[in-house]
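Novice: Quick one: structure below, then a few questions.
The values are calculated or read from the model by the stated rules, or taken from the named source; none is laboratory data. Since this is a predicted model, take the numbers as computed values, not measurements. Cβ: placed from backbone, ideal geometry, glycine included. Neighbour counts: every protein chain shown.
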Amino acid sequence: MPKIVIGSDHVGLLLKPEIIKHLQKRGYEVTDVGTNSTKRTDYPIYGQKVGQAVASGEFPLGIAICGTGVGISLAANKVRGIRAACVSDTYSASLSRQHNNSNVLCFGSRVVGSELAKMIVDSWLDAKFQGGRHQRRINELAAEENDDESQFQKLVAEGHQEENSNGASID
């Protein structure tokens with residue numbers, strides 16, 4: 001049974017139980033890292049908890065929900081190794097996995113309704129990382145995250161060489 005971690009602030013709590021049920025119906029073992037109270041709380045706490053659970057390797061993927069998805073995605077992205085995507089449509093959710101290998105999905109309970117949120121989750125979970133040129137871009141992000149400027153520049157140069165040998169492309 002695949003595992004996934006989920007967290008939210010008090011605003012995201014309105015949507016989180018529906019997403020948990022949906023994930024369980026899909027066969028996921030879901031771990032909820034909070035909040036489980038409607039009392040006002042801070043989204044960075046739960047973005048960090050989800051991010052750390054994924055970055056540690058305990059969970060391959062995570063979902064984080066706040067009012068807009070923006071704040072909690074910023075918090076999750078502060079955790080080394082996390083590529084959190086804040087999305088509000090199925091297309092962006094799918095491409096965030098295919099091209100960016102996102103490992104945390106974020107959205108806002110004030111932005112998307114429960115049915116759209118479930119479709120976003122499905123699109124994200126069903127999409128697979130395409131690798132190839134996208135892997136180099138993930139490697140560039142990792143070099144930047146690790147403050148390895150020489151590795152970053154090397155990867156950028158490789159990308160330019162690939163573009164010049166294959167011709168210009170918009171993807």
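Novice: Considering only the range 40-52, I want to know if a residue exists there that is modelled with pLDDT of 95 or more, under 21 Å from ALA93 (Cβ atoms) and of a type in the set (A, V, I, L, M, F, W, C).
Specialist: yes
Novice: Still on this structure: Do the conditions hold for LYS128, that is, is it more than 21 Å from ASN77 (Cβ to Cβ), buried (at least 19 other Cβ atoms within 10 Å of the Cβ) and more than 12 Å from the chain's Cα centre (by Cα)?
Specialist: No: the conditions fail for LYS128.
Novice: Tally time: how many residues in the range 14-31 are free of Cβ contacts under 8 Å to residues at least 40 places away in the same chain and of a type in the set (A, V, I, L, M, F, W, C)?
Specialist: Going through the range 14-31 one residue at a time, the tally reaches 2.
Novice: Applying the selection to the range 5-30, what residues are in contact with a Cys (Cβ under 9 Å, 6 or more places away or on another chain) and among the β-branched types (Val, Ile, Thr)?
Specialist: VAL11 - this is the single residue of the range 5-30 that is in contact with a Cys (Cβ under 9 Å, 6 or more places away or on another chain) and among the β-branched types (Val, Ile, Thr).
Novice: Please work out which one of (1) touching a residue at least 40 places away in the same chain (Cβ under 8 Å); (2) more than 26 Å from ARG137 (Cα to Cα) is the condition GLY47 fails and give its number.
Specialist: (2)
Novice: When both residues are 6+ apart or on different chains and their Cβ atoms are under 8 Å apart, which pairs have a first residue that lies in the range 95-111 and is without any contact (Cβ under 8 Å) to a residue 24 or more places away in the chain, and a second that is part of a loop (DSSP other than H, G, I, E, B)?
Specialist: SER102/ARG83
Novice: Look at the range 54-109 and say how many of its residues are surrounded by fewer than 22 Cβ atoms within 10 Å (Cβ to Cβ), touching a Ser or Thr at 6+ places or on another chain (Cβ under 7 Å) and more than 15 Å from LEU125 (Cβ to Cβ).
Specialist: Qualifying residue count for the region: 2.
Novice: Only one of VAL54, VAL11 is within 20 Å of ILE138 (Cα to Cα) and aliphatic (A, V, I, L, M); which?
Specialist: After applying the criteria, what remains is VAL54.
Novice: Among the residues of the range 57-90, count how many are assigned to a helix (DSSP H, G or I) and over 26 Å from ASP147 (Cβ atoms).
Specialist: Result for the range 57-90: 1.
Novice: Out of curiosity, is SER96 in contact with a Leu (Cβ under 9 Å, 6 or more places away or on another chain), at pLDDT 95 or above and in a loop (DSSP other than H, G, I, E, B)?
Specialist: no
Novice: Starting from the range 68-83, keep only residues that are closer than 14 Å to SER102 by Cα, then list their pairs with residues that are in a loop (DSSP other than H, G, I, E, B) and among the small types (Gly, Ala, Ser) whose Cβ atoms are within a distance under 7 Å, requiring at least 6 positions of separation or different chains.
Specialist: ARG83/SER102
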